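Asker: Before I ask anything, let me first share the structure, which is written out below as structure tokens.
The values are calculated or read from the model by the stated rules, or taken from the named source; none is laboratory data. Predicted model only: the values in this text are computed from it and were never measured. Note that each Cβ is placed from the backbone with ideal geometry, even for glycine, and that neighbours are counted across all protein chains shown.
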């Protein structure tokens, strides 16, 4: 099986190949590994489609980083936001991957729902996060 077939077969494979292009010690490598572990923490407790987005000018200052758990319903968003153990486990990932210590408390980790984006931004995630 060639690389092309792997890329077509599974979006996760694309992400794993992409993640492995970056050293664990590089900022991008740390961020991709944190994102991957956030997904692993959400997957067993989420019974709806979800994904994790991230963005930020972390190369200018590491505190300029945002992670969003994107879920379908407001109910799931509120349930996850109020789950202090889950939110604490997300924060521990910054420690696990040695994200710059002075920036850790500034990194935003939150949730947003498709219902909210539909209601407030006419379904446009880009506009919603802008």
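Asker: Out of curiosity, is residue 123 outside any helix (DSSP H, G or I) and within 13 Å of the chain's Cα centre (by Cα)? Give the steps one after another, and end with the answer.
Answerer: Values: outside any helix (DSSP H, G or I): yes; within 13 Å of the chain's Cα centre (by Cα): no.
Spelling it out, it is not the case that residue 123 is outside any helix (DSSP H, G or I) and within 13 Å of the chain's Cα centre (by Cα).
Asker: Do we find that residue 90 is assigned to a helix (DSSP H, G or I), at negative phi and in contact with a strand residue (DSSP E or B) (Cβ under 7 Å, 6 or more places away or on another chain) in this structure?
Answerer: Values: assigned to a helix (DSSP H, G or I): yes; at negative phi: yes; in contact with a strand residue (DSSP E or B) (Cβ under 7 Å, 6 or more places away or on another chain): yes.
It is true that residue 90 is assigned to a helix (DSSP H, G or I), at negative phi and in contact with a strand residue (DSSP E or B) (Cβ under 7 Å, 6 or more places away or on another chain).
Asker: Given (1) surrounded by 12 or more Cβ atoms within 10 Å (Cβ to Cβ); (2) modelled with pLDDT of 95 or more, identify the lone condition not met by residue 24.
Answerer: If we test residue 24 against (1) surrounded by 12 or more Cβ atoms within 10 Å (Cβ to Cβ); (2) modelled with pLDDT of 95 or more, just (2) comes out false.
Asker: Just the residues that are in a loop (DSSP other than H, G, I, E, B) and under 14 Å from the mean Cα position of the chain (by Cα), please, taken from region 50-63.
Answerer: Kept after step one, since they are in a loop (DSSP other than H, G, I, E, B), are these residues of region 50-63: 50, 56-63.
If the condition is that a residue be in a loop (DSSP other than H, G, I, E, B) and under 14 Å from the mean Cα position of the chain (by Cα), then 50, 56 are the ones that fit.
Asker: Answer yes if at least one residue in region 69-81 is assigned to a loop (DSSP other than H, G, I, E, B), touching a helix residue (DSSP H, G or I) at 6+ places or on another chain (Cβ under 9 Å), closer than 14 Å to residue 110 by Cβ and modelled with pLDDT of 95 or more, and no otherwise. Full working, then the answer.
Answerer: Residues of region 69-81 that are assigned to a loop (DSSP other than H, G, I, E, B), as a first pass: 72-73.
Narrowing the set further to residues that are touching a helix residue (DSSP H, G or I) at 6+ places or on another chain (Cβ under 9 Å) leaves 72-73.
Pick out the ones that are also closer than 14 Å to residue 110 by Cβ and you get none.
No; the residues of region 69-81 include none that is assigned to a loop (DSSP other than H, G, I, E, B), touching a helix residue (DSSP H, G or I) at 6+ places or on another chain (Cβ under 9 Å), closer than 14 Å to residue 110 by Cβ and modelled with pLDDT of 95 or more.
Asker: Given the structure, is residue 98 under 22 Å from residue 36 (Cβ atoms), out of contact with any strand residue (DSSP E or B) (no Cβ under 9 Å at 6 or more places or on another chain) and outside any helix (DSSP H, G or I)? Can you show your working first?
Answerer: Details: under 22 Å from residue 36 (Cβ atoms): yes; out of contact with any strand residue (DSSP E or B) (no Cβ under 9 Å at 6 or more places or on another chain): yes; outside any helix (DSSP H, G or I): yes.
In short, yes.
Asker: With assigned to a helix (DSSP H, G or I), modelled with pLDDT of 95 or more and more than 20 Å from residue 126 (Cα to Cα) as the only criterion, which of 6, 41 stands out? First the steps, then the outcome.
Answerer: Details: 6 fails: modelled with pLDDT of 95 or more.
Only one candidate passes the filter, namely 41.
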